[in-house]
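Here the structure comes first, spelled out in structure tokens, and everything after it is commentary.
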Amino acid sequence: MKDNNLDKIINELKNELGNTTLVAVSKTKSNDEILKVYHLGIRDFGENYVQELISKMDTLPQDIKWHMIGHLQTNKVKDIVKRNIYLIESVDSIRLVNEINKEAIKNNKIINILIEVNIAGDINKTGCSIEELDNLINYTKELTNINLLGLMAIAPQTEDSNIIRDSFHKMHDLKEQYQLQLLSIGMSNDYKIAITEGSDIVRIGTKIFGARNYNK
């Protein structure tokens, strides 16, 4: 992340996104790198791994809105629910949503979630299938301490913008069909398509922070 370009990048994103919420995906990034983005007015940050998330939640400013965007194991749920998690975007099963609800009751909290949809039907990706979605939504709406706000998805891995657009369009249709508030689609390579297809949240990491060094 080049400091002299960061202000320009954030301002460009704000102008492009309008009312769409920018979540800065900060996995593998240091507290200092996150604070540089924070001081440019960004308050929503996304993390993929629970241990890294809770370390940052415990040490960075308390007004940050933390989004859990990676796969969440049931045995890790208690670690983030007892803290001030803002939104769990990656709920994909009845088993997981049950565990979140159980821990939310213990902590006297209402937890905001999105249901992650495997829109590409890729067996190597997380997310519930479109066929499972109706059952999961109806089940989740009956839970006492869960606030289902919407849906999340990752675009298929392809260079074909038409395939990406079709997937995002399907996700928007599902959001409307179930009368949900939020749709989280779009990342660094496809957020512009996501905006035109009605995304409410985009999750951008590389464009803001640069390439990740997983060996640090």
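Here's the yes/no breakdown for (1) surrounded by 22 or more Cβ atoms within 10 Å (Cβ to Cβ); (2) in a loop (DSSP other than H, G, I, E, B); (3) at pLDDT 95 or above:
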site	(1), (2), (3)
95	no, no, yes
105	no, no, yes
115	yes, no, yes
120	no, yes, no
135	no, no, yes
139	no, no, yes
144	no, yes, yes
147	no, no, yes
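For the stretch 14-31: of the residues being out of contact with any helix residue (DSSP H, G or I) (no Cβ under 7 Å at 6 or more places or on another chain) and crowded, with 19+ Cβ neighbours inside 10 Å, which is nearest to residue 195 (Cα to Cα)?
Ranking the candidates gives 23 first.
Name the residue, out of 101, 84, 118, that is under 14 Å from residue 147 (Cβ atoms), touching a residue at least 12 places away in the same chain (Cβ under 8 Å) and of a type in the set (S, T, N, Q).
It is 101.
Of all residues in the stretch 32-57 being more than 14 Å from residue 86 (Cβ to Cβ), charged (D, E, K, R) and touching a Ser or Thr at 6+ places or on another chain (Cβ under 8 Å), which is surrounded by the most Cβ atoms within 10 Å (Cβ to Cβ)?
Once the filter is applied, the top-ranked residue is 33.
Could you please let me know if residue 119 is touching a Cys at 6+ places or on another chain (Cβ under 8 Å) and closer than 18 Å to residue 202 by Cα?
no
Does residue 143 qualify as being at negative phi and either acidic (Asp, Glu) or in contact with a strand residue (DSSP E or B) (Cβ under 6 Å, 6 or more places away or on another chain) (or both)?
no
Quick check on this structure: which one of 186, 127 is under 30 Å from residue 106 (Cα atoms), surrounded by 14 or more Cβ atoms within 10 Å (Cβ to Cβ) and not acidic (Asp, Glu)?
127
Just to be sure before I move on: is residue 30 of a type in the set (Gly, Ala, Ser) and without any contact (Cβ under 8 Å) to a residue 24 or more places away in the chain in the structure I sent?
It is true that residue 30 is of a type in the set (Gly, Ala, Ser) and without any contact (Cβ under 8 Å) to a residue 24 or more places away in the chain.
Suppose we keep only residues that are farther than 10 Å from residue 23 by Cα and either among the polar types (S, T, N, Q) or in contact (Cβ under 8 Å) with a residue 60 or more places away in the chain (or both) within the stretch 195-204. Which one would you say is surrounded by the most Cβ atoms within 10 Å (Cβ to Cβ)?
199
Restricting the search to the stretch 59-77, which residues are farther than 14 Å from residue 26 by Cβ and crowded, with 16+ Cβ neighbours inside 10 Å?
71, 72, 76, 77
Which residues, counting only those in the stretch 159-216, are assigned to a helix (DSSP H, G or I) and of a type in the set (S, T, N, Q)?
Listed by number, the residues that qualify are 161, 162, 167, 177, 196, 206.
Quick check on residue 100: is it under 21 Å from residue 180 (Cα atoms) and assigned to a strand (DSSP E or B)?
no
Of the residues 211, 120, 153, which is of a type outside the set (Val, Ile, Thr) and within 23 Å of residue 86 (Cβ to Cβ)?
153
Would you kindly identify the helices (runs of 4 or more DSSP H) lying entirely within the stretch 1-88 that contain at least 1 residues that are over 17 Å from the mean Cα position of the chain (by Cα) and among the aromatic types (Phe, Trp, Tyr)?
Once the helices (runs of 4 or more DSSP H) in the stretch 1-88 are filtered for at least 1 residues that are over 17 Å from the mean Cα position of the chain (by Cα) and among the aromatic types (Phe, Trp, Tyr), what remains is 31-38.
The values are calculated or read from the model by the stated rules, or taken from the named source; none is laboratory data. Because the structure is predicted, anything quoted here is derived from the model rather than measured. Cβ sites come from the backbone with ideal geometry, for glycine too, and all protein chains shown count toward neighbours.
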